[in-house]
Every structure is written in structure tokens, then in C-alpha cells.
Amino acid sequence: MTTYLILYTTVDGQTKKIAQFLAEKLAGKVTCQPLEEDIELQSFDKIIIGSSIRYGHFPKKLYRFVKKHQSILEEKQADFFGVNLIARSPEKQKVENNVYVRKFLEKVTWQPKNVYIFAGALLYTKYRFFDRKMIQFIMKLTEGPTDPQVDSEFTDWKQVTSYANQLNHEK
Ligand SMILES: Cc1cc2nc3c(=O)[nH]c(=O)nc-3n(C[C@H](O)[C@H](O)[C@H](O)COP(=O)(O)O)c2cc1C
């Protein structure tokens, strides 16, 4: 039985939700947990790392993790998925069109086996005042939802399912 390790960073929970959804779809033994620097990786067959964007950046701990564990990530043919709101438009789900994921892959020397980009969630009712105003402003510019009382989830669960199916076939 294939053993999977899914590691995620999350602020409002959407990347965790995607990671857990993926975990449920995988036919194998899955460990799904927040990304931390000192995690034992060797005992897993396959590693998947998911992370979300905040004001244009992935968290620093993701960079530290990748730097520290690059050789084992390559040995385990680890995958990466990025979560952000620009990916609510399908062309921004391609690496070459998604500035955040493209820049991340340029900055690190790690080359994930597969890279996926999933649209995240817009959770106005959870955001603090400053974040809500900033996101509203960005949404106005990019013709997204601006009603602060309405939360929206843009994640396409069919895409996450097809990624899980692909992983199940890789075995
Ligand atoms: C304060 C804040 C800043 C964000 N900045 C960006 C951004 O620069 N670009 C983008 O595409 N999405 C941005 N997002 C959207 C998040 O990437 C999206 O909400 C995602 O679902 C968050 O995942 P998480 O809950 O796992 O952290 C931002 C969201 C918040 C709340």
C-alpha cells in the first residue's frame, strides 16, 4: 500500500480543506498535517506539499522547508500545489500564467514532479478590517465579488478529484 504524506500551510483553512479532501480520495495510507520544518519524510512513498498565497507571497517557512529537504523531496518525487484567488480564472491555473507559482519555482531549485494550482476561497466574514478592505479593493480591480457579507469558495473540487485519481494511477 502506498504511503502518502500531505503537508500544508494555511491561514484561513482552505489549503487544509483541499489537503484533507485529497487525503480522503487517495487509495493508500495517508498522513495529512501542517508543514513543519522537522518532519520525518523518509518513511513515505510519496510527498505532496500545498501552500497558499498572502499578499503575493508563499510563507517563508515553505522556502525554508524546501531548502532543507530538497534532496529527499526529489527522491520521493514530491508534488506541489499552490492555492490563490487569481486562479479563479482558468488561465491563471497554468504555471506560466500564475505569477506566484512561477516565481516560487524560479526561486527554489527544487523541481516538483507535478505542480497544480487551485483556486482558493474568499472569506470576507472571517477577515479582519484591514484585510477585508484590501481584498475588497483587489476584487473591485479584478471584477470579483465585493460584498463583505458573502463568502465565496472558488475551489473546483472536480480538479482536486482528478489530481487524486492521477495519483492513484501513478502507483
Ligand atoms: C490577507 C489576504 C491576502 C491575500 N493575498 C492574495 C494575493 O495576493 N493573491 C491571490 O491570488 N490571493 C490572495 N489571497 C487569497 C488566498 O490565497 C485565498 O483566500 C486562499 O484560499 C487562502 O488559503 P488558506 O486559507 O489556506 O490560507 C489573499 C487572502 C487574504 C485573506
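The values are calculated or read from the model by the stated rules, or taken from the named source; none is laboratory data. The shown structure was predicted, so the numbers you read here are calculated from the model rather than taken from an experiment. Here the Cβ positions follow ideal geometry from the backbone for every residue, glycine too, while neighbour counts run over all protein chains shown. Only protein heavy atoms, including side chains, enter the accessible area calculation; ligands, DNA and RNA are left aside. Shrake-Rupley method; radii C 1.70, N 1.55, O 1.52, S 1.80 Å.
Of note:
- Choice from Phe81, Phe154, Phe129 showing the highest fluctuation, given a GNM over the chain with Cα pairs closer than 10 Å: Phe129
- Note on Lys133 and Lys68: the extension gain reaches 19.8 nm, defined as 0.36 nm multiplied by sequence separation minus the Cα-Cα distance.
- The chain, accessible surface, carbon-and-sulfur percent (1.4 angstrom probe): 52 percent
- With Cα atoms, 0 to 90° folded angle of helix 129-141 axis to the chain main axis: 80 degrees
- FRET efficiency estimate (nearest 0.05) - Cβ-Cβ, Ser152 to Arg102, R0 25 angstrom: 0.50
- Nonlocal amide H pairs with Asp156, under 5 Å, H built at 1.01 Å: Ala119
- For the pair the range 87-137 / the range 11-81, the C-alpha centres are spaced 16 Å from each other.
- Springs between Cα atoms under 10 Å define the GNM used for the chain, and in it the highest mean-square fluctuation of Phe65, Phe137, Phe21 occurs at Phe137.
- Summing Cβ point charges (Lys, Arg +1; Asp, Glu -1) relative to the Cα centre of the chain gives a dipole of roughly 360 debye.
- Relative contact order (%) - criterion: Cα under 8 Å, at least six apart; region: the range 89-171: 28 percent
- Probe 1.4 Å, accessible area per residue of the chain, Å²: 55 Å²
- Under Karplus coefficients 6.51, -1.76 and 1.60, residue-wise ³J(HN,Hα) of the range 105-114 in Hz, glycine/proline x: 5, 6, 6, 9, 8, 5, 10, x, 5, 10
- Applying the Karplus relation 6.51 cos²θ - 1.76 cosθ + 1.60 with θ = phi - 60° to the range 2-19 yields 3J(HN,Hα) values of 5, 9, 10, 10, 10, 10, 9, 10, 8, 10, 9, x, 6, 5, 4, 4, 5, 4 Hz, where x marks Gly and Pro.
- Sparsely packed GluC sites (Glu not before Pro) within the range 86-171, loop by DSSP, other Cβ within 10 Å at most 16: Glu143
- Considering all C-alpha pairs of the chain, those separated by over 29 Å amount to 18%.
- To the nearest ten degrees, helix 60-75 and the longest principal axis of the Cα atoms of the chain are 30 degrees apart.
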